[in-house]
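Everything below concerns the one structure shown next.
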Amino acid sequence: MSGSGKKVLFNRSFKRIANDWRKANTEKGGFKKELEDAKVHLYADEENMKEVKVMIEGPKSVWDPATKTNRPTPYFGGFYFWTITFPEDYPLSPLKMRFETCSSNWRCHPNYYQNGNVCLSSINTWGEPEWTPERSLSSELIILQERLDNIPLKYEPGQEASTETNCGGDYNNCVEYGNYLYGIIMMLEKTPESFKVFSDKMVEIFMEKFIEIEEKVLIASKKYHGRKIKSPMYGMHFECDYISILANLRKLYCKYKKVDYDKDFWCKYYALNDKPYGEYPKISSDKNIKTKTHSDTAEETDDKMDISETEKEGESVVIKKKMKRNPPRVSAGNYSVGDELISDKDGRTYFVGLTKANKNWWYLKK
């Protein structure tokens, strides 16, 4: 192509990019409201309008036409990032995308790879090419967001019949666990440098949703803490430590709330309680932990720490009776020697060691 031809193409591309940006930020005749409703956030440096940073909030629920109800997704509370680049001959060529909320052992969606690849027919990176110049930045953003639904495994070729009650449900368990571990905690603690422009908004979103997130994680904890979960595809699996996840989420909450964080207190609270703690002013005022457990048996109640106060020479003294050994419910045989887990029965940390008979056994970590 001659120099003049490249210049004409560049000018057309620049005008089209500007038009896409205008529509993404305009309500009348544009997509601003639709993108805001979908919780899609955009940023571009004025000196480089050809590259767009995208953050999409993991939706709480979506409409499921099969059940005709709103169904929960495994992405709630997560922060999902993409880098989108306009090619020089845009819109003749499709947008280029890179997925940025990645972890090597977490395939959160069939279309979004651990290495950052985004495979969608709408941008000609999967199956039959569907890109046309009539497509736009806004239309592709809506596609990215809509894929974060309640049965993501159905987007894998050959898995279109997936549901929440078959292999799709097993996959969701792993996606949800990774969402808390990577989509929320890691993205807040180690936000990719080029996405730190969203940091203040991320904190605002996290604090607004925290109690709902805490409640949802507690429900998952009752089912899966101490268990191994495995996806039917991609080799994805986790040994669930939901109490640590809850404690780390609360740690972030305390950080943003600018209050003290007491790890031991929160680990015990989440091990012994079924309901969210929610808002609180100061940990120091919360001396008593509820004694109700996930299965409130008499034996477990006897094993709770008994805290009482007495007077000694004008000073208040806290007397703590020794707690009995109360290891995790899950068998130590499911773990390797040296593995650690917070007990869902007493909130203390146990590790796997060998008995004289060379069998795995839970030992209390001192």
So what is the diffusion coefficient of segment 166-227 in µm² per second by Stokes-Einstein at 20 °C and 1.002 mPa s, using a Kirkwood Rh over Cα pairs? 164
List the pair-distance distribution P(r) of segment 168-289, using every Cα-Cα distance, as the percent of pairs falling in each 10 Å bin from 0 up to the bin containing the longest distance, rounded to whole percents. 12, 42, 33, 12, 1
With 5 Å bins from zero, work out the P(r) of segment 1-112 over every alpha carbon pair and list the percent per bin. 2, 10, 15, 18, 18, 14, 11, 6, 4, 2, 1, 0
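Pick out, in residue order, every one of the GluC sites (Glu not before Pro) in segment 114-149 that is DSSP loop and has at most 16 other C-beta atoms within 10 Å; say none if there are none. Please report the intermediate quantities before stating the final value.
On the way: sites: GLU130, GLU134, GLU140, GLU146; in loops: GLU130, GLU134.
Qualifying residues, ordered by number: GLU130, GLU134.
Can you tell me the alpha carbon radius of gyration of segment 3-290 divided by the globular rule-of-thumb value 2.2 N^0.38 Å? The partial results should precede the final answer.
Details: Rg = 20.9 Å, N = 288, 2.2 N^0.38 = 18.9 Å.
Working it through for segment 3-290, the quotient is 1.10.
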Tell me the trypsin sites (Lys or Arg not before Pro) within segment 34-86 that lie in a loop according to DSSP and have at most 16 other beta-carbon atoms within 10 Å. LYS39, LYS50, LYS60, LYS68
Extension gain, ASP64 back to LYS154 (0.36 nm per residue minus Cα-Cα distance, nm): 31.1 nm
State the number of lysine pairs found in segment 91-209 whose Cα atoms come within less than 22 Å, restricting to pairs 8 or more positions apart or on distinct chains. 5
Efficiency of FRET between VAL337 and TYR261 - r from beta-carbon atoms, R0 30 angstrom, step 0.05: 0.45
Let me see the pair-distance distribution of segment 42-88: every alpha carbon pair, 5 Å bin width, integer percents in order. 5, 19, 17, 15, 12, 11, 10, 7, 3, 0
So for the pair LYS251, ASN358, with labels modelled 7 Å out along Cα→Cβ, what separation do we get in nm? 3.8
Charge-dipole axis of the chain as Lys and Arg at +1 and Asp and Glu at -1 on Cβ define it, positive-most pick from PHE76, GLY178, ASN166: GLY178
How about segment 176-227: which trypsin sites (Lys or Arg not before Pro) there lie in a loop by DSSP and see at most 10 other Cβ atoms within 10 Å? LYS190
Residues of segment 171-185 with the amide nitrogen closer than 16 Å to a label point 7 Å from the Cα of LYS230, along Cα-to-Cβ, please. 171-175
Under the rule of -39500 (n - 2.57) per DSSP H run of 4 or more residues, summed and divided by the residues of the chain, what mean residue ellipticity at 222 nm is obtained, to the nearest 500 deg cm²/dmol? -9500 deg cm²/dmol
For segment 204-220, in order, what is each residue's ³J(HN,Hα) by Karplus, 6.51 cos²θ - 1.76 cosθ + 1.60 with θ = phi - 60°, in whole Hz (x at glycine and Pro)? 4, 5, 4, 5, 5, 9, 3, 4, 5, 5, 4, 5, 5, 5, 4, 4, 5
Charged-residue dipole, Cβ positions (Lys, Arg, Asp, Glu), segment 22-126 about Cα centre, Debye nearest 20: 420
Simple spin-label estimate for LYS190/GLU134, 7 Å along Cα→Cβ, in nm, reads 4.4
Hey, what D do you get for segment 37-170 in µm²/s if you plug the Kirkwood alpha-carbon radius into Stokes-Einstein at 37 °C and 0.692 mPa s? 208
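None of the figures in this text is laboratory data; all of them are computed from the coordinates on show. Computed from a predicted structure; not experimentally measured. Every residue, glycine as well, gets a Cβ built from its backbone with ideal geometry; the counts of neighbours run over all protein chains shown.
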